[in-house]
Structures are given as C-alpha cells and as structure tokens.
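Trainee: Take a look at the following structure, please.
The values are calculated or read from the model by the stated rules, or taken from the named source; none is laboratory data. Keep in mind that what you see is a predicted model, and the values were worked out from it rather than measured. Reconstructed Cβ throughout: ideal geometry from the backbone, glycine too, with neighbour counts over all protein chains shown. With ligands, DNA and RNA removed, areas are computed over all heavy atoms of the protein, side chains included. Shrake-Rupley method; radii C 1.70, N 1.55, O 1.52, S 1.80 Å.
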Amino acid sequence: LEGVPVRVTNHSWGGSGYSQILRDALEMAGNNGIIHMAAAGNKGLLDNDVAPHYPASYTLDSIVAVANTTQTDGLNGLSHYGATSVDLGAPGVSIYSTSWSGGYAYKSGTSMSTPHVSGLAALMLDYLPDLTLQDVREAILNGVDPVPSLSGKCVTQGRLNAFGAFSALTPHIEHEPLDNTTNVEADHIVEAYIRPSLPVLDPHQVVVLSHTTGHPGNLATHVLEH
C-alpha cells in the first residue's frame, strides 16, 4: 500500500462474520496512514459491545465506527450503538443520495451517516495534507457536539461537527531554530510559516505571541502577513 494515493475509505456496509483476512487488510492499510469510516449497523438498536458488527467492530485504531442520528439529534431507532465499540453519531435520516435504480433518492441508515465522517476526513486532509491518521481521528472525535441521546451509547457521546473537528486541530507552525540566542546585543530574526487549522480563518494574517527565553515578562505581539 505504500505510495497508494488513498487516505480515507468509506465502509457503508457490514454484517458478515469476523474475517481475519479482512481485519489484516484493514490493519495493514491503517499502518500506511489510511483511515476507515465504518457503518455501525441498522438492525434495530443493537449493542455492538455485545454482538459485534463487522467491519465496524474490528478493534483497530484506523477504524471509526458511526451510528445514525436524526434531524433532532436523536439516536435513530434502527441504528446500532456501543459505549466502547461505536465512536460517534452522524446524520443519517432522509439523506439525498444516489440510488441503485438510478438517479437520486432519500435514504436512511448508518450507510448514510458514515459518508459524512468520511467527507470531513477528506476535507481535513485536503486542507492539511500533513495530518496523520491519528490527527484526523482525534480531531473528529474531540470535535463532536455532545447530545443526550448518545450518552452511554458511543465513545464520544456526541454527533459529528465539522467546525468542531477543525477547531480541535493545533495550528501548524514550521520554523528554523534561532542561532546564537545568548547574544543580547544583536536582534534575532525568526522566520516562520504558520498555517491556521481552520479554513475559515484568514490565512494571510496570523497573530503570534512570543517572549525571550529567561524573560517571561518580555512579551511581544507580531502580526505576520504571508
């Protein structure tokens, strides 16, 4: 898988039994930086902690298992859940999507919820290609909106929030270390490139606070234009 230009896979399917071959393939892909979004299942409020639903239930850090939430942030009556085996919820009721019979139709299920998470992961990686699988996973899970219907029903107890996921990222800063910083007679120039974690922020102006090592009271504010 090395060099394959795939960073996110969407698994809007499931329900078959455990497959060691499939688990090994997903694990190998994860080891190469590919994150997998997997539908939790649609057989009617079943607990995946008790009855695993694959591939969502493979215990791999590269898998994010997704439940189905309604327009009012409820847990859909057909969605599987799992306090430790399902990661978050995402909208999955009356989603306008492609149809097997051609054209488009409104569909419901965790198969509709999962692509929302996949799409967010792809958006994050398009904006910040250097993000790791773990960066994306943690930001998505840490950025959820907590909702009562998911309390005790999934790991995050929350519903997907794109703005929250981007907000959970740390701005990316690249700079060269300062040389000769013990010389108090000369100015020291810092050259840095700062990329904000949120696309909605102005990428051309970033405020940076800095202070001289050993002199925490010497605080300076810099507005960088790039």
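Trainee: Using per-residue counts of other Cβ atoms within 10 Å, averaged over each peptide, order 76-85, 27-36 from highest down.
Mentor: The peptides rank, most packed first, as 76-85, 27-36.
Trainee: For the peptides 120-127, 108-115, what is the packing order when you average, over each peptide's residues, the other Cβ atoms within 10 Å and list the highest mean first?
Mentor: 108-115, 120-127
Trainee: Another question, if that's okay. Would you please put 59-68, 8-17 in order of how densely packed they are, using the mean number of other Cβ atoms within 10 angstrom per residue and starting with the highest?
Mentor: Order by mean packing, descending: 59-68, 8-17.
Trainee: Give a residue-ordered list of calculated ³J(HN,Hα) values for the stretch 158-166 (Karplus: 6.51 cos²θ - 1.76 cosθ + 1.60, θ = phi - 60°; whole Hz; x for Gly, Pro).
Mentor: Running phi through 6.51 cos²θ - 1.76 cosθ + 1.60 with θ = phi - 60° gives x, 9, 3, 9, 5, 4, x, 5, 5 Hz.
Trainee: Additional query: Let me understand the stretch 81-178 better: what is its radius of gyration from the alpha carbons, and its Dmax, in angstrom?
Mentor: 16.1, 63
Trainee: Right, here's the next one. Quick one: give the max-minus-min coordinate of the C-alpha atoms of the stretch 15-69 along each principal axis, largest first, in Å.
Mentor: The principal-axis extents, from largest down, are 34, 23, 14 Å.
Trainee: Roll a 1.4 angstrom probe over the protein heavy atoms and tell me the percent of accessible area of the stretch 1-74 that is carbon or sulfur.
Mentor: 55
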